[in-house]
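Every number here is computed from the coordinates shown, using simple stated rules; none is lab data. On a predicted model such as this, the values are computed, not experimentally measured, just so you know. Using ideal geometry, Cβ is built from the backbone for each residue, glycine included, and neighbour counts are taken over all protein chains shown.
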Amino acid sequence: MRLPLAALAAALLLATSPVAAEPRAETFTLANGLQVVVIPDHRVAAVTHMVWYRVGAADDPPGKSGIAHFLEHLMFKGTAMLAPGAFSRTIAANGGRDNAFTSQDYTGYFQRIAKDRLELVMGMEADRMVNLRLTDPEVLPERDVVLEERRSRTDNEPSALLREQASVVQFFAHPYGRPVIGWEHEIRGLTTADALDFYRRHYGPNNAILVVAGDVTAAEVRPLAEKHFGPLPARALGARARLVEPPQRAARRVEYRDARVRHPTWARSFLAPSLLTGGAATAAALDVLAEILGGDATSRLYRTLVVDGGLATSAGAYYDDVQVDQTTFHLSASPRPGVTMAALEAAIEAEIQRLLQHGVDAAEVGRARDRLQAQAIFGRDSTMAVARRYGATLAVGGTLADVEEREARLDQVTAEAVTAAARAVLVPERSVTSLLLPKEGA
Amino acid sequence: MRGRKVAVSTTFLCTALLCLALGGAAQAASQVVRVVSPGGIEAWLVREPSIPFLAVQLAFRDAGAAADPAGREGLANMLGGLLDEGAGDLDSKAFQDRLSARSIGLRFDADRDRFQGGMDALSHDLEEAFGLLGLALTRPRFDAEPVARIRDQILTGLQRDAEDPGSLAHRRWAATAFPGHAYGRPREGTAETVTAIAAADLSAFARRRLARDRLVIGASGDVEPAAFGRLLDRAFGGLPARAEPLPLAETAPVAAAAVAIIPKAIPQSVVVFGQAGPKRNNPDFMAAFVMNHLLGGGGFSARLMNEIREKRGLVYGVSTGLNPLVKAGVLSGQLASQNARVAEAILLVRQEFRRFQSGEVEEAEVAAAKAYLTGSFPLQLDTNWRLARMLVTMQLQDLGIDYLERRNALVEAVSRDDVVRAARTWLRPDELRFVIVGAPVGVAATN
């Protein structure tokens, strides 16, 4: 993300609202390949305007990690029409807010603004889709900004350093093993030419999705999209060619010791199918599994480890299915003072073993489903969150139905399906266990 | 998630509640209704029936961390962790089961000045939700198991904070800016004080401080006003009528230039800085608000971002904010920069404070700031929980029930001369207090 802001709450909301009771969207595609999605929401006379590119950090060329994210920053550095920085200044002067974000699989740019300024932002976004101009005096200080961003997010944070190491170990070949922001030594070597090469290879209407949510209709959006994005030529795109991860056959383990750590944490991530690799039914079953294991204070891990066992201060489970390639199912816990990591790990493994052996029961599946459905209703309150879910799902190769039919799919999740998904995914030989520990003797 | 980026840390004493006080949705203005329950409890409500749920926010004045008894610092914060851990006949597990069965979101916390709560519930579960909220507020149990568990969670958090550069910097800043005042004490307490807190302390605090004469409620969502009134009595009717008075002196950050360094082997120095600022009821507040937007509150259009990030690449982010507390005003800011260059970033902060203070302000930049602040107004209140929080803020800060309608005119009325005056009055580059956590090169600590 190009501008730091208090996005934590929003990010968590997205992460914990994996199902959708979404308002219906309309979609159409322009002749040059740009897919347009319109999500009407007339509560406030404003729009959220987003352009999503189907390219992310996992598409960084070897040796150039961080280039997708760096380009995201550089997209604000001007075109023939707009001086460096003028994009955001113009949005602000019109009472709007803007920002951008990069993930492994996609890069997104958004503006939130009064509905009568929609055409203004559309024109500027279309302009920078094909007319970006970059020169060293703009690019090089921004590279320093990205290095500061990396220091803030990763190098100053032992837990982030461990997550980075754990990803490397989880994905030996697949680029998901590299950090989105890039390795420091590779960021230092990124150039203006690298950014422009990447831009020309991946940015264009036929590799993008336009999402407009808010006080508009598809009938209003279509002529504006035709006018501003319609004339842009499609680009010859390079295919998304990613190395295939070789099969994992042995449990892997990472221990990171850091003098800054006073309180240890434990985590285990299992390779898991994503919406794209495993299908919507499996993804829905894994959503329910994550809710049963770690959704709230009544979940199995919290009850067993934190409340009854007195072994942990926190325990949770997390699954995010919106990825192009295989994803991970994640467990984590932090020991109560005086509890060893070995005792904590044994208790978590016993709890997982119990679930695998006896399966889940229909009543707890029903409760978990109800909570996920309720979260989806709360989630509809944020137009931005709804727009993001549509954009991300489409950007990784999903469909509108994947978003809109998830509520119905959750209703179909059975206890048998959850148990089967758990047995398929929670396999030690396909996991990485990561321990964050204090420095010995510290 | 890996690519999703998260904020660095929050500005000292800048609760989201207070910072939001300056936004509002024009559309919502005419819809704010004052609901008074049959039992006489008042709440402000925006009806928004399109999504079947209700967001409720509440606050008790004089019940924040500043009300913690000496030696029990962290009490209000710990109470926030324990109110939903068992009440009435329901022990912790039974209470959580009831919340979970209806997907009721319930949470409590404490800022410096207030104890706060928030609740989300589906429209058809409001009876149950307000019933559980009432139990939590009026008959909390504080059983031994949850007290020990939540205490350990807080102690673990304190251990983490003791290594977190942002937390360290904010703590030191408060301690040195407000020595001897409750605002200088750590909001979450210390390991020693949190260990000393007993169930009796928690009950006494709840009984003495959570009372109807200190209560403020805002709600937005799918509920009829009449039904909402009855629900208010269900949740809050059992609270005591009056809280004990809280003696808390007016104060201000110590006015002296200072640089403190907390040495730490990290690649990037984290810097918190601040000085006195206007309180919310100061007639100059809106002018100072526009000034702060130009200085460091306005993202990329702000001067500090332009000079320190855009031109020189010294930081990922630098920002300032006004943090009006009940008994003090603060203008504070933060940045983070690699150890070798942080001295330059700090120099530029002082330089920009001076340049602004000297009156160097263009008519056009004030106009652009006002265009942003008024135009982005509806964007800030686009969800039920944000609206509910705004309604609470409007009551806490005595802004009036019509504030949403008046707010943009108040911004428009700020002239360039007002901004210049606010800068001369409030910006004090020679009284800026910096706290640096890291291994900064070329920075000398004072004293």
Label-point separation, A:HIS185 to B:ALA367 (7 Å along Cα→Cβ), nm = 5.3
Rg followed by Dmax, in Å, when chain B is reduced to its Cα trace | 22.5, 65
Treat every Asp and Glu Cβ in chain A as -1 and every Lys and Arg Cβ as +1, leave all other atoms uncharged, and give the resulting dipole magnitude about the Cα centre to the nearest 20 debye.
-> 480
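What does the charge count around B:ALA343 come to, taking other residues whose C-beta lies under 13 Å from its C-beta (Lys +1, Arg +1, Asp -1, Glu -1)? Write down the numbers at each step before the final one.
On the way: positive: B:ARG312, B:ARG341, B:ARG350; negative: B:GLU344.
Counting the neighbours of B:ALA343, the net charge comes to +2.
For chain B, what is the mean residue ellipticity at 222 nm derived from helices alone (per DSSP H run of n ≥ 4: -39500 (n - 2.57); sum divided by total residues; nearest 500 deg cm²/dmol)?
Details: 15 runs with 166 residues, N = 447.
Result for chain B, helices only: -11500 deg cm²/dmol.
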Go from 0 up to the bin containing the longest alpha carbon distance in the stretch B:16-236, width 10 Å each, and give me the % of pairs per bin.
-> 8, 31, 34, 21, 7, 0
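For the protein assembly as shown, divide the Cα radius of gyration by the Kirkwood radius and give the resulting Rg/Rh value with two decimals. Don't skip to the answer; put the middle values down first.
Numbers: Rg = 26.3 Å, Rh = 28.2 Å.
Radius of gyration over Kirkwood radius for the protein assembly as shown works out to 0.93.
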Count of lysine pairs in the protein assembly as shown with Cα separation under 30 Å (8 or more residues apart, or interchain) | 21
Going toward the positive end of the dipole of chain B, with +1 on Lys and Arg Cβ and -1 on Asp and Glu Cβ, which of B:ASN323, B:SER167, B:ALA336 do you reach last?
-> B:ALA336
Positive-end extreme of charge dipole, the stretch A:31-228 - chosen from A:SER167, A:PHE70, A:VAL216 (charges on Cβ) = A:VAL216
Could you tell me the distance between the Cα centroids of the stretch B:185-240 and the stretch A:163-221, to the nearest Å?
-> 45
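Please report, in cubic angstrom per residue, the volume enclosed by the convex hull of the alpha-carbon atoms of chain A. If you can, show how the numbers build up before the last one.
Working: hull volume 62.0 nm³, N = 442.
Convex hull of Cα atoms, per residue: 140 Å³.
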With +1 at each Lys and Arg Cβ and -1 at each Asp and Glu Cβ, the charge dipole magnitude of the protein assembly as shown around its Cα centre, to the nearest 20 debye, comes out at 1320
Nearest-ten-degree value, helix A:280-294 long axis tilted from longest Cα axis of chain A = 50
For the stretch A:155-222, which trypsin sites (Lys or Arg not before Pro) are both in a DSSP coil and crowded by at most 15 other Cβ atoms within 10 Å?
-> none
C-alpha center-to-center spacing [the stretch A:400-415, the stretch B:30-45] in angstrom | 39
Under 9 Å, Cβ to Cβ, from B:ASP143 - net charge with Lys/Arg +1 and Asp/Glu -1 | -2
Cα-based helix-to-principal-axis angle, A:136-150 vs chain A, degrees rounded to 10 | 20
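Shape call for the stretch B:387-442 from the C-alpha gyration tensor, a ≥ b ≥ c root eigenvalues: rounded (a/c under 1.5), prolate (a/b greater than b/c) or oblate?
On the way: a/c = 3.59, a/b = 1.64, b/c = 2.19.
The shape class here is oblate.
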Taking the Cα atoms only, what angle lies between the long axis of helix B:225-236 and the longest principal axis of chain B, rounded to 10 degrees?
-> 90
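About its Cα centre, how strong a charge dipole does the stretch B:16-236 have in debye, to the nearest 20, once Lys and Arg get +1 and Asp and Glu get -1 at the Cβ? The partial results should precede the final answer.
On the way: 26 positive and 30 negative charges, 115 e Å.
Roughly 560 debye, rounded to the nearest 20.
Is the shape of the stretch A:252-438 best called rounded, prolate or oblate, per the rule: a/c under 1.5 gives rounded, else a/b larger than b/c gives prolate, else oblate, with a ≥ b ≥ c the square roots of the Cα gyration tensor eigenvalues? All intermediate terms of the calculation are to be shown ahead of the outcome.
Numbers: a/c = 1.78, a/b = 1.54, b/c = 1.15.
Prolate, since a/c reaches 1.5 and a/b exceeds b/c.
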Could I get the Rg over Rh figure for the stretch A:245-356? Both from C-alpha atoms, Rh via Kirkwood, rounded to two places.
-> 1.00
Put +1 on the Cβ of every Lys and Arg and -1 on every Asp and Glu Cβ in the stretch B:16-236; which of B:ILE51, B:ALA177, B:GLY134 then has its Cα farthest towards the positive end of the dipole?
-> B:ALA177
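Could you state the orientation-averaged shadow area of the convex hull built on the Cα atoms of the stretch B:137-209, in nm² to one decimal? Please report the intermediate quantities before stating the final value.
Numbers: hull surface 22.7 nm².
Value for the stretch B:137-209: 5.7 nm².
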Environment charge of B:PRO324, counting only residues whose C-beta is closer than 9 Å and scoring Lys/Arg +1, Asp/Glu -1 | +2
